[in-house]
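The values are calculated or read from the model by the stated rules, or taken from the named source; none is laboratory data. Just so it is clear, the model here is predicted, and its values are computed rather than measured. The area values use the complete protein model at the heavy-atom level, side chains included, leaving out ligands, DNA and RNA. Shrake-Rupley method; radii C 1.70, N 1.55, O 1.52, S 1.80 Å.
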Amino acid sequence: MTISLLGVSSLAAAFIGLGCGIVGIVGGIFAAYFLLSKKIGKTKTKAAKIIEEAYAEAKTAKKEAILEAKEEVHKLRFDFDKEVKDRRNEIQRSEDRLSQREEFIEKKELSLDKRQEQLEQAKERLSAKEVEIESIKEEENKILSSMRDELEKVARMTKEEAKKSLMDSMVEDARVDAAKTVKEIEESARNDGQKKAQEIIASVIQKCATDMTSELTVTSVALPNDELKGRIIGREGRNIRALEAATGVDLIVDDTPETITLSCFDPIRREVARVALEKLIMDGRIHPTRIEELVSKAQKDIDQKIKEAGENAANEAGIFNLHPELIKVLGRLKYRTSYGQNCLKHSLETSYIAGLLAAELGADEKVARRGGLLHDIGKALDHEIEGTHVQIGVELAKKYKESPAVIHCIEAHHFNVEFESVEAVLVQVADAISSSRPGARRETIEAYVKRLEKLEEIANSFKGVDKSYAVQAGREVRIIVKPEEISDELAVFMAKDIAKKIEDEMEYPGQIKVNVIRESRFSEIAK
């Protein structure tokens, strides 16, 4: 019984606790609902207030937008009215200008009508004048015809005969006057041109003062004693034959004391033989094997010297982009001579003079220098390749891509083709200056005498020449003409013709002056 009461009390306590929990939950729910209702009420109030404010702001914004729109419309209307007004004013001005032009055109039309009338009147007057002139011409022709008939009767010559006689006398007079005029113009131009040319050439030569010495094509090698001649010849001549075979040079061993002469048209081979022979003499071991070794070594030394000589020449001339093979060929000119003049020095001098002349005259200095340096390059190979040195030089320049202007300088420097550029003329002039300088070249007596005889022969071939003399070492030819056959005027043309024939038929360095001398003597005997 006690247990059952405890159970009932426990169960009652549980129900009470459960009831209290439910009451608490329901009370919490009502409290939360009350708070939520209150919060919702505040939110609705706030939302209504916000909506009211937004409506008020929207109403204000609408009013402001309406006002701005009205102002914009007013402004656009004002601008439109102003533009319409400006357009009207512009149209009015255009109409005024058109009116003025119409008035001007009407005035022009009136003046043109007046001029047309004047022209018509002038035409009528001209027509009348033409008729009058035609009648005068007819009358004049009749008078001339009658006068011509009278003249033919008096002169006993027909019209054609008289015309021919008059033409002949006029041609002769014109020829004499032309000769006088040509002479005066030539003298004036010659004096002015010669003075200017002398100034330029003197200035150029003053800047180019190179030493010039003649060289020989035969090389002599000095020996310490005559005993070495036998050693160089060797047993049964085997040493000298080996040396000649290795170098391609003829060794001349004669009675000249302590000297062996090397003779060869190829200057490079001659130089190789000279160097090899000097090395043999210094070495003392002279036999075929040693000869071959020293010749090979000398060949390499000369090749190196040739390359250095070409490079030095190009640098001295101020040319730094030559083809390497052209430089080697240029260096070979160091061992080539022309009339005793070293070809490399001559090419350098020609390059320098041509460059200075080009600078004085305003021509292309680079082309002139390059053309001057390469103008005789064909002489380096003219003993190996068939053809003139000009042809060989042109082929070399084309092969190594030289410019057409430089190639033309090479081709024209001996008048093989017509000059097409100032630089080509300057290279030819520089070549002549360098080769004709005193001491630059030497000439054999036979060639010198032949040149003088040829000069006199050309002068004597002209009709009216009495005597001719080549003077000034062939730089001048003086021609004495027969005064009864050659007049002063014809002497001018004779000098030109002789000079032209000399240019066509002879080759010579520098220039040749042609002097035609006419002397008239009158004598009388007093009785």
Exercise for the section: Quick one: work out Rg over Rh on the C-alpha atoms of the range 229-302, Rh as Kirkwood radius. Expected result: 0.92
Fill in the blank from the handout: Partner lysines whose C-alpha sits under 16 Å from that of Lys482, ignoring same-chain residues fewer than 8 away, are Lys463, Lys467
Exercise for the section: At a Cα cut-off below 13 Å, give the aspartates and glutamates reachable from Lys300, other chains included and same-chain residues fewer than 8 away excluded. Expected result: Glu271, Glu292, Glu308
Problem - Principal axes of the range 96-146: Cα extent on each, largest first, Å - result: 74, 12, 6
Practice task
With only alpha-carbon atoms counted, please give the Rg and Dmax of the range 24-124, in Å.
Solution key: 42.7, 143
Practice task
Compute the separation of the alpha-carbon centres of the range 94-127 and the range 364-422 and state it in Å as a whole number.
Solution key: 73
Problem - Subset of Lys366/Lys513; Lys366/Lys401; Lys180/Lys513; Lys49/Lys70 violating a 25 Å alpha-carbon distance limit - result: Lys366/Lys513; Lys49/Lys70
Completion exercise
Expressed in µm² per second, the diffusion coefficient of the range 349-471 from the Stokes-Einstein equation, with Rh the Kirkwood radius over alpha carbon pairs, at 37 °C and 0.692 mPa s, is 203
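Rounded to a whole number, what % of the accessible area of the chain do carbon and sulfur atoms account for, probe 1.4 Å?
Heavy-atom surface of the chain belonging to carbon and sulfur, 1.4 Å probe: 55 percent.
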Handout entry: Span per principal axis, largest first, for the Cα atoms of the range 15-75 (Å)
Key = 87, 10, 5
Fill in the blank from the handout: Here the gain from full extension of Asp79 to Glu507, 0.36 nm per residue of separation minus their alpha-carbon distance, amounts to 144.4 nm
Practice task
Please list, or write none, the lysines whose alpha carbon is within less than 27 Å of the alpha carbon of Lys44, excluding same-chain residues fewer than 8 places away.
Solution key: Lys59, Lys62
Handout entry: Residue-averaged [θ]222 nm for the chain, counting only DSSP H segments that reach four residues, each worth -39500 (n - 2.57)
Key = -25000 deg cm²/dmol
Exercise for the section: Using a 1.4 Å probe and ignoring any ligands, DNA or RNA, find the accessible area of Glu90 and quote it in Å² to the nearest 10. Expected result: 80
Handout entry: Where the Cα pairs of the range 388-430 fall when distances are cut into 10 Å bins, in %
Key = 32, 58, 10
Exercise for the section: Using only Cα atoms, find the angle between the long axis of helix 343-361 and the longest principal axis of the chain, and express it within 0 to 90 degrees, rounded to the nearest 10. Expected result: 60
Exercise for the section: Quick one: angle between helix 288-316 and the longest Cα principal axis of the chain, in degrees between 0 and 90, rounded to 10, please. Expected result: 70
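Can you quote the Å³ per residue value for the convex hull of the Cα atoms in the range 222-361, rounded to an integer? Before the final figure, lay out each step's value.
Values: hull volume 17.6 nm³, N = 140.
Here the figure is 125 Å³ per residue.
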Handout entry: Helix 488-505 vs. the chain, principal-axis angle (Cα, 0 to 90°, nearest 10)
Key = 70
Problem - Percent of beta bridges antiparallel (DSSP, the chain, rounded to nearest 5) - result: 75
Practice task
Using only alpha carbons, build the gyration tensor for the chain and give me the equivalent ellipsoid semi-axes, biggest first, whole Å.
Solution key: 107, 71, 17
